[in-house]
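First comes the structure, then the notes that go with it.
The values are calculated or read from the model by the stated rules, or taken from the named source; none is laboratory data. All figures in this text were calculated on a predicted structure; none of them were measured in a lab. With ideal geometry, Cβ positions are generated from the backbone for all residues, glycine too; neighbour counts draw on all protein chains shown. Please note that ligands, DNA and RNA were not included when accessible areas were found on the heavy atoms of the full protein model with its side chains. Shrake-Rupley method; radii C 1.70, N 1.55, O 1.52, S 1.80 Å.
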Amino acid sequence: MANARVVGPRARERERATTAIAAALAIMSRSPDRAGRALAGGLYRISRTEQQRMIAEWVKEYLAPGSPGAAYAARLTRQLHPNVRKRFLAGFIANLFFRDPQVSERLKKELGINAPNLLAISPSMRCNLRCTGCYAGEYDRKDDMPPELFDRILTEAESIGTRVFILIGGEPFMWPPLLDIISRHRDSQFQIYTNSSMLDDAMVERIVELGNIAPAVSIEGGREHTDARRGKGTYDKVIGAMARLRDAGVMFSYSATATRQNLDDITSDAFVDLMVELGAMYGWYFMYAPVGMDPDLELMLTPPERDRLRREVQRLRTEKPILLGDFWHDGILTGGCLSAGRKYVHINNKGDVEPCVFCHFAVDNLHDMSLVDALASDFFRDLRRMQPFGHNLLRPCPLIDHPGVIRGAVQKHGAYATHPGAESMVTDLQPGLREYATGVRDVFAPVWEEEYDWARRWLSSDPEWNRRHDRAMDAEEEMTVERSVVVGEPAEAEPAGWAPLPDLSEPATEPV
């Protein structure tokens, strides 16, 4: 199936839904309380699953009069340009609720895969900043993704129902073909992570004209932390760019990476209040992971600090008129890790198909095959088979929460490292990551039992969660037992004692 293409019949239904949702959002700007109740009721009527019904219930509660959600809805509908409101916001909601079941059934039956909910792509790794710990400065124009490949990836993804794209890099807005290609995919939505340096008046005007782009502006907290990592003067440029986006009616977010150095800053009331004032409609919280140049375990949040990040984001959600996402600790909402095509994959500038933007290993390249065939690789199938990787979904990650999982999968399938130094994640860093994962397990075990009763209802219809729940062990423990059967090692042996890893700098010709 080198040129597999699956086309669904629901484009007109999705477009009608987009138009109807946009109209409801316009009404909400005039009467937020009444329209909020109407929106929640409408979502409940079109809900097909228990999770969609829970979303509708959450929307009703969130938009109750006098709540931060009601204030959020008011500024959401009044601040956004009408074209952005329709093409990005309404389009995103429609794509969330109107995925074609016939396409999904065909993919499952013929290939044993699901269409990812979203696709992350790095069309270029070039960047005009030199941030501490980032590898983007090592690339130049010759390393950019060919425009025809980028366009082909979007088209293939749309054909199987994937219409939400996360663009990262590098600095995506430095890539010349970007907006022209996006203009040919108006029914999809694009969240673009950016350092904001390219967001001048002309660029912002083009974003409004297209309507289906939501920049995610990177910031490390206040001036001190942002300039320390991204260069002197960067903070002021970021603040100026956010103000331009707000005034033009663009939907945008902020993106903050938590380290031991800036945790208090990025979770402070003053910081979030400023983001709201500048017009950010939502915010993403990531944790520093030891990837890139000179990975440093000492920058990672300690296990207690990680729990503090979780609790502070939860608090801010109840007090501030802004949506906040916690990439790791919201894993419950996605049933665990998203990676390996379960809900998303990352395609780098060279066309390598990686399980995740933080996981720089691959076995396939889209210069040689279709997206669908890459999703069906044994490497990805094996990772999906093990998902979720543990019973406690506050620890969803195979890199830092269950580090033996990615090491075992890389070794088993002969995956190659996709940029210099990536192999340290499965070699030199393993002892430190195992110690870290043990600490996180001990901190989050009582939290999971005491605070997440609602997760049982949310996950009740998730077959992957039910499969894991019925197993006695987490994935990393299962891999140790599997290894003992294959090579005769004792079941309690640590994966660190496995056979040496191959040279990960180039694709292996056959699995090791």
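To the nearest ten degrees, helix 201-210 and the longest principal axis of the Cα atoms of the chain are 90 degrees apart.
For the chain, the 222 nm mean residue ellipticity estimated from helices alone, with every DSSP H stretch of n ≥ 4 adding -39500 (n - 2.57) and the total spread over all residues, rounds to -13500 deg cm²/dmol. For the stretch 246-345, the solvent-accessible area works out to 33 Å² per residue, with a probe of 1.4 Å and every protein chain left in place.
To put it simply, the accessible area of the stretch 58-194 at a 1.4 Å probe is 54 percent carbon and sulfur.
Once the Cα atoms are used to define both axes, helix 101-111 deviates from the longest principal axis of the chain by about 20 degrees. Please work out whether the stretch 192-235 counts as rounded, prolate or oblate from its C-alpha gyration tensor, where a ≥ b ≥ c are the square roots of the eigenvalues and a/c under 1.5 means rounded, while otherwise a/b larger than b/c means prolate and anything else oblate? Verdict is prolate for the stretch 192-235. Using only alpha carbons, the stretch 161-269 has a radius of gyration to Kirkwood radius ratio (Rg to Rh) of 0.99. Antiparallel beta bridges, as assigned by DSSP with both residues in the chain, represent about 20 percent of the total such bridges. Between 0 and 90 degrees, the angle of helix 475-487 with respect to the longest Cα principal axis of the chain falls at about 30 degrees. Packing, taken as the mean count of other beta carbons within 10 Å per residue, orders the peptides 366-372, 201-207, 169-175 from highest to lowest as 169-175, 366-372, 201-207. Database remark: amide H of TRP284 closer than 5 angstrom to the amide H of TYR254, SER255, ALA256, GLY325 (H placed geometrically; neighbours at sequence offset of 5 or more, or on other chains; Pro and chain starts carry no H). The stretch 210-273 and the stretch 431-487 have Cα centres lying 34 Å from one another. The mean accessible area for residues of the stretch 67-223, using a 1.4 Å probe and ignoring ligands and nucleic acids, is 37 Å² per residue. With the simple spin-label model, which puts each label point 7 Å out from Cα in the Cβ direction, the ASN83 to SER47 separation comes to 3.5 nm. If each Cα of the stretch 198-262 is one equal point scatterer, what is log10 of I(q)/I(0) from the Debye formula at q = 0.18, 0.21 Å⁻¹? Per q value, in the given order, log10 I(q)/I(0) is -0.66, -0.83. Under the shape rule built on the C-alpha gyration tensor, where the axes satisfy a ≥ b ≥ c, the chain is rounded, since a/c falls short of 1.5.
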